[in-house]
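Reviewing the structure listed below.
The values are calculated or read from the model by the stated rules, or taken from the named source; none is laboratory data. For clarity, every value in this text was computed on a predicted model and none was experimentally measured. Every residue, glycine among them, receives a Cβ derived from its backbone with ideal geometry; neighbour counts consider all protein chains shown.
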Amino acid sequence: MKAPLPDPFAFLHWGAEGTHANESYLWDNHHRGSADEAVIQQTLSGAAFFQNPSGRRLVTPGHAMLFTHDEPSCYGYPPGETAPYRLRFLSFKLAGLRPWFERLRTEFGPIVLMAEQGEAAALMEEIMRRYRRRAFRDRFQETELLHQLLIALHREQVTATQTLDPVEYGRHYLQDHFRSPLNLKLVAEKCGVSREHFIRAFTRRYGEPPGALLRRLRMEHARRMLLATQLPLQEVALACGFADANTFCRAYRLRYGTTPGAARAR
């Protein structure tokens, strides 16, 4: 008998809003519950603190904290604060959404931007509304909406790096748009810096020039397409960001030491 496949569907354990005004509001996540239970907690007004081994930070309006139960972190009402802390939170089983949640925390930390009028905040409010009314159509929609929320949060963080960290924004832009016919001058303009500054800062931070990352992403995508499809080389070239098949073939041979046609024939 085959072992059952793991359940990929997330579901909401609990969603609520609350207000706290003294230091009795304090939660320690260590051994609090299951590591598969995640929480997104949005600050609506006032502030809370969030503390983990990396330190303690305030979570102010326009931000949210991300954590799981059974992790070395805690949060609560800040000592010395006077304004009430008003919050909204969703507690849910991660299941198949774990890679998205962990990538979000790994790239941007446990405290993320969540603008009051942003896409992520609107999705969180929609999920909360459906939870209160028990109005999810089925577990597929429940998982879908939670997935959309994590994607919206990731998009919001990436967008913010355009002004907060142009070099990081450039890396995300290359990863998201390498299939388009872009060049480094265009990417640098999107980041609001000069081409020379972008190349220097990017290479220093990530250990490879942005042009090398762009070529690598295109070549890896092209290789997968050659092995998985019988599309003409011109179509593969355009789908990977190259101007034409000749340019693509030269770049492929330079990287892999063989032509795309020979690689496909193998």
*Here are some residues: 162, 157. Which one is among the polar types (S, T, N, Q), closer than 30 Å to residue 200 by Cα and modelled with pLDDT of 95 or more?*
157
*For residue 136, all conditions in the list (1) modelled with pLDDT under 95; (2) touching an Asp or Glu at 6+ places or on another chain (Cβ under 9 Å); (3) surrounded by fewer than 16 Cβ atoms within 10 Å (Cβ to Cβ) hold save one; what is the number of the exception?*
(3)
*Would you pick out the residues in segment 80-93 that are modelled with pLDDT of 95 or more and either over 20 Å from residue 31 (Cα atoms) or assigned to a loop (DSSP other than H, G, I, E, B) (or both)?*
83, 84, 85, 86, 87, 88
_When you check residue 123 against the structure, is it buried (at least 17 other Cβ atoms within 10 Å of the Cβ), assigned to a helix (DSSP H, G or I) and either touching a Leu at 6+ places or on another chain (Cβ under 8 Å) or at pLDDT below 95 (or both), yes or no?_
yes
*Looking only at segment 11-29, decide whether some residue is under 22 Å from the mean Cα position of the chain (by Cα) and exposed (fewer than 15 other Cβ atoms within 10 Å of the Cβ).*
yes
*asked:* What are the pairs with Cβ atoms under 6 angstrom where one residue, in segment 246-258, is assigned by TED's automatic domain parsing to the domain that holds residue 219 and modelled with pLDDT under 90 and the other, located anywhere, is in a helix (DSSP H, G or I) and hydroxyl-bearing (Ser, Thr, Tyr)? Sequence gap at least six, or different chains.
replied: none
*Among helices (runs of 4 or more DSSP H) lying entirely in segment 154-266, which contain 3 or more residues that are over 22 Å from the mean Cα position of the chain (by Cα) and surrounded by fewer than 17 Cβ atoms within 10 Å (Cβ to Cβ)?*
184-191, 195-206, 210-228, 233-239, 245-256, 260-265
*Answer yes or no: is there a residue in segment 110-121 that is touching an Asp or Glu at 6+ places or on another chain (Cβ under 8 Å), charged (D, E, K, R) and either within 23 Å of residue 12 (Cα to Cα) or assigned by TED's automatic domain parsing to the domain that holds residue 45 (or both).*
yes
*Please specify each residue of segment 79-110 satisfying the condition of being charged (D, E, K, R), surrounded by fewer than 19 Cβ atoms within 10 Å (Cβ to Cβ) and either touching a residue at least 12 places away in the same chain (Cβ under 8 Å) or touching a strand residue (DSSP E or B) at 6+ places or on another chain (Cβ under 6 Å) (or both).*
81, 86, 98, 103, 105, 107
*Only one of these is among the hydrophobic types (A, V, I, L, M, F, W, C) and touching a residue at least 24 places away in the same chain (Cβ under 8 Å): 231, 217. Name it.*
217
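Could you please find all residues in segment 30-46 being over 21 Å from residue 132 (Cα atoms) and either surrounded by fewer than 18 Cβ atoms within 10 Å (Cβ to Cβ) or of a type in the set (Lys, Arg) (or both)? Explain how you work it out, then say what you get.
Initially, segment 30-46 is screened for residues over 21 Å from residue 132 (Cα atoms), giving 30-36, 45-46.
Passing the criteria: 30, 31, 32, 33, 34, 35, 36, 45.
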*Looking at 62, 76, which one is touching a Ser or Thr at 6+ places or on another chain (Cβ under 9 Å), within 23 Å of residue 30 (Cβ to Cβ), modelled with pLDDT of 95 or more and surrounded by fewer than 19 Cβ atoms within 10 Å (Cβ to Cβ)?*
76
